[in-house]
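Single-structure report; data block below.
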Amino acid sequence: MTSKKVVELFYDVVSPYSWIGFEVMCRYRHAWNIELKLRPSFLGGIMKGSGNKPPGVISNKFMYMTKDLSRLSEYFDVPLQSPSDPFEAMFQKGSLSAMRFVTAVQAREKDGDKKVERVSRELWRRIWMEDKDITEPASFSEAAMKAGLSDSEIKEVLELYNSKEIKDKLKSSTQNALDHGAFGLPLVVCHVNGKPEVFFGSDRFELMAHCIGEKWLGPQPNQSAAKL
Amino acid sequence: MTSKKVVELFYDVVSPYSWIGFEVMCRYRHAWNIELKLRPSFLGGIMKGSGNKPPGVISNKFMYMTKDLSRLSEYFDVPLQSPSDPFEAMFQKGSLSAMRFVTAVQAREKDGDKKVERVSRELWRRIWMEDKDITEPASFSEAAMKAGLSDSEIKEVLELYNSKEIKDKLKSSTQNALDHGAFGLPLVVCHVNGKPEVFFGSDRFELMAHCIGEKSVVPK
């Protein structure tokens with residue numbers, strides 16, 4: 001059996017398209033011969049480092065995104081709901097603290113990535129399904145609790161997430177994405193024969209499968225019957 | 001048999017992603033129960049009308065696009081090759097005259113759209129495969145000739161393409177796309193149960209199939 005191909009997923013919980021990419025890659029980690037590595041990153045830093053602006057600042061793009069996400073949500077079975085004030089959630093409040101928290105969860109996790117996966121998902125649910133805050137420590141506690149972390153674990157992560165070590169880890173992951181040419185998130189980097197194949201967004205899965213020698217089976221690869 | 005769903009494809013030959021979308025939709029017009037309507041438009045007008053900028057102006061986007069197009073070209077079997085100076089081709093020289101020419105071909109075409117399809121393809125080949133000009137009348141003649149138009153047809157189109165009628169037709173098509181919320185091209189508008197489903201870009205075919213009740217297969 002050939003060795004697993006390493007696939008890195010750079011993401012930020014403030015990004016709705018990242019949630020879609022995240023859920024799809026989590027489903028495919030068992031369907032494809034890959035080793036999925038979650039790389040929490042900071043979208044604001046990607047924008048700054050690449051000189052790009054979020055798509056939502058162009059009025060027609062914002063309106064299109066709203067409809068696009070609604071259709072993709074249904075198609076990919078990811079329960080996205082726009083926050084009541086997306087601009088406030090995405091641009092004013094942002095995600096720096098949230099991604100530091102996620103980074104801290106990952107830094108503490110000794111075995112695998114189940115915790116960072118679940119905490120990330122709970123944070124997406126807060127902002128992109130339940131219209132809740134993701135900037136306050138109380139918000140992180142609630143998300144971590146729902147993700148199954150114990151009270152003492154949560155306490156340790158809260159003590160850790162504003163440390164220099166964690167801030168640097170997040171900066172480093174974000175810089176990694178920029179070094180791969182990122183101008184937004186999600187970014188998927190597939191390591192094939194020593195070469196990185198970089199895919200931006202959540203609409204390159206079929207091409208990605210082709211490039212890494214796997215088969216694209218649609219949004220739910222683990223369901224037995226072929227989905228139309 | 002249910003009536004065909006009308007699917008409009010708004011495109012500009014200066015846009016490489018439009019070429020991919022165009023070839024895929026031309027292949028699907030026989031595989032899906034659709035009536036494909038080609039809508040030549042002006043990308044420069046879309047950008048202006050939506051306040052957007054071309055992706056290539058962001059350095060990382062430009063570099064990514066180059067690799068992305070190369071992979072998509074191979075996967076979709078559309079023979080894309082970057083021009084030697086993409087910035088000059090796309091931003092300085094542009095496509096206003098070219099799209100007026102395409103509009104004029106379509107305006108003269110009485111039966112179907114074979115000619116406008118072929119001329120569009122020849123223009124894409126010029127800029128996005130052969131690194132040739134698409135701003136001069138001689139370029140349009142050559143493209144139209146390769147597309148199978150006769151000398152007299154070409155002469156008529158050359159006389160027509162700078163007329164007010166054609167300029168207005170192109171403006172109108174472009175405005176149509178903007179009214180559907182365009183901020184770039186290609187734009188595919190599928191009319192399903194009287195409602196327009198709008199898809200931007202050439203990476204929504206699987207979702208499009210799902211939304212219009214058709215099946216998406218690897219488009220070779």
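We did not get these values from a lab; they are worked out from the coordinates using the rules stated. The structure displayed is predicted, hence computed values, not measured ones. Backbone-built Cβ (ideal geometry, glycine too); neighbour counts: all protein chains shown.
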Inset, instruction - Find how many whole Å separate the alpha carbon centroid of segment A:84-109 from the alpha carbon centroid of segment B:14-33. - result: 39
Inset, instruction - Note down the relative contact order for chain A as a percent, whole number, built from C-alpha pairs under 8 angstrom at least six residues apart. - result: 31
Inset, instruction - Any of B:67/B:93; A:53/B:167; A:132/B:61; B:61/B:114 with alpha carbons more than 27 Å apart? Name them for me. - result: A:53/B:167; A:132/B:61; B:61/B:114
Inset, instruction - Scan chain A and hand back the longest stretch that contains none of the trypsin sites (Lys or Arg not before Pro) lying in DSSP loops with at most 14 other Cβ atoms within 10 Å. - result: A:5-109
Inset, instruction - Pop out the Kirkwood hydrodynamic radius of the protein assembly as shown from its pairwise C-alpha distances, inverse of mean 1/r, in Å to one decimal. - result: 23.5
Legend entry - Rounded if a/c under 1.5, otherwise prolate or oblate - segment B:131-189, Cα gyration tensor axes: prolate
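For peptide B:198-210, how many partner chain Cβ atoms fall within 10 Å of a residue's Cβ, on average?
The per-residue average across the peptide is 4.
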Legend entry - Highest-MSF residue in chain A out of A:104, A:209, A:182 [GNM, Cα springs under 10 Å]: A:209
Inset, instruction - Name the shape class, rounded, prolate or oblate, that the alpha-carbon gyration tensor gives for segment A:84-137, where a ≥ b ≥ c are the square roots of its eigenvalues, rounded holds for a/c under 1.5, and otherwise prolate holds if a/b is larger than b/c and oblate otherwise. - result: prolate
Legend entry - Dipole magnitude of chain B, debye to nearest 20 (Cβ charges: Lys/Arg +1, Asp/Glu -1, about Cα centre): 420
Inset, instruction - Please give every one of the aspartates and glutamates within straight-line cross-link reach of residue B:115, meaning a C-alpha to C-alpha distance under 13 Å, and leave out same-chain neighbours fewer than 8 residues apart. - result: B:153
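With the cut-off at 1.5 for a/c, could you classify chain B from its C-alpha gyration tensor as rounded, prolate or oblate?
Because its axes are fairly even, with a/c under 1.5, chain B counts as rounded.
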